[in-house]
Structures are given as C-alpha cells and as structure tokens.
Amino acid sequence: QVQLVESGGGLVQAGATLRLSCTASGRAYAMAWFRQAPGKEREFVAAIAWSDANTYYGDSVKGRFTISRDKGKNMVYLQMNSLKPEDTAVYYCAARDNKEADIAYRFAYKYWGQGTQVTVSS
C-alpha cells in the first residue's frame with residue numbers, strides 16, 4: 001500500500017510557474033501526474049520510472065513541464081513553466097507497481113493522491 005499526498009497547487013496568471021510535490025509512503029515501479037479539468041477525462045501529464053528516472057510526457061506539456069524524483073525523500077515533483085489557462089485542472093499524483101501496461105495508461109496506476117487544484121488565469 002502506497003499513500004500519496006500532493007501539495008503546491010494554487011492560482012497563478014498565464015506564463016507563471018508552479019511546482020507540485022508528491023510525498024509517497026513507499027516505493028513504486030513508476031510515479032506519475034495526471035490532471036482532470038471539469039467535464040473532461042483524466043489526462044496523463046508526466047511519469048517517471050523510480051529506478052532509472054526515465055521520464056515520459058503528455059504532448060500538451062512537453063517542453064513546459066518537468067517531472068523529477070528524490071529517492072531519499074520518496075518525493076516526486078512536477079515543475080510547471082509557461083502555464084496556460086488550459087492547464088487549469090485538479091492534478092493528481094499516482095503510483096503503480098507493475099510495468100505491463102503503457103506508462104500513460106491511467107488504469108494501471110493503483111494508488112492515487114487526493115489531488116491539488118491548479119488554476120491559471122488569462
């Protein structure tokens with residue numbers, strides 16, 4: 001069982017930066033960030049493999065967001081630069097303990113945080 005707690009959301013203007021943090025109570029094969037805007041499906045944002053730190057990004061955030069992890073602290077971060085109003089969503093930290101499915105497949109993630117709101121005003 002892995003418990004996840006996110007922090008770092010808030011209200012910012014377009015073009016600003018934010019860093020989200022996720023504290024995990026245990027280790028996993030990979031950890032990821034997803035987001036969900038009102039009325040939309042939960043969307044893959046980024047993932048990182050815990051062992052080798054390989055990273056993966058959704059097309060809408062490539063070049064703007066960076067995912068990283070701190071092994072010693074069992075934490076994952078999402079650095080978000082050049083934020084846009086369309087980035088507005090609840091951001092969820094997720095963890096998985098298997099590697100069978102695609103890294104962006106949300107149903108492969110067994111553990112989820114409670115979410116943190118990110119709002120970007122224009």
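Residue-wise, which Karplus ³J(HN,Hα) couplings in Hz belong to the range 34-44, taking 6.51 cos²θ - 1.76 cosθ + 1.60, θ = phi - 60°, and x for glycine or proline?
With the stated coefficients, the range 34-44 comes to 10, 9, 9, 8, x, x, 10, 6, 5, 10, 5 Hz.
Would you please give the FRET efficiency between residue 59 and residue 114, computed as 1/(1 + (r/R0)^6) with r the Cβ-Cβ distance and R0 = 25 Å, to the nearest 0.05?
The pair residue 59/residue 114 has a calculated efficiency of 0.40.
In whole percent, and with a 1.4 Å probe on the protein chains, what portion of the accessible area of the range 63-111 is carbon and sulfur?
Carbon and sulfur: 48 percent of the exposed surface of the range 63-111.
Taking amide H atoms as placed 1.01 Å from N in the peptide plane, list the residues 5 or more away in sequence, or in a different chain, whose amide H sits under 5 Å from that of residue 65.
Amide H neighbours of residue 65, under 5 Å, 5+ apart: 81.
Sort 35, 19 by accessible area with a 1.4 Å probe, largest first.
19, 35
Determine the per residue accessible area of the range 1-119 with all protein chains present and a 1.4 angstrom probe, expressed in square angstrom.
Dividing the accessible area of the range 1-119 by its residue count gives 51 Å².
So how do 34, 107 rank on accessible area, 1.4 Å probe, biggest first, that is with the largest at the start?
107, 34
Place a label point 7 angstrom from the Cα of residue 101 along the Cα-to-Cβ direction, then list the residues of the range 43-72 whose backbone nitrogen is under 14 Å away.
43-44, by backbone N distance to the label point.
Give me the Debye-computed log₁₀ of I(q)/I(0) at q = 0.24 Å⁻¹ for the range 1-88, equal point scatterers on Cα only, no solvent, two decimals.
-1.31
Go through the range 67-77 residue by residue and turn each phi into a ³J(HN,Hα) via Karplus (6.51, -1.76, 1.60, θ = phi - 60°); whole Hz please, and just put x for glycine and proline.
9, 8, 9, 10, 4, x, 9, 6, 10, 10, 10
The values are calculated or read from the model by the stated rules, or taken from the named source; none is laboratory data. The structure presented is a predicted model; accordingly, all values stated were derived computationally and were not measured. So basically every Cβ, Gly included, is an ideal-geometry build from the backbone, and we count neighbours across all protein chains shown. Please note that ligands, DNA and RNA were not included when accessible areas were found on the heavy atoms of the full protein model with its side chains. Shrake-Rupley method; radii C 1.70, N 1.55, O 1.52, S 1.80 Å.
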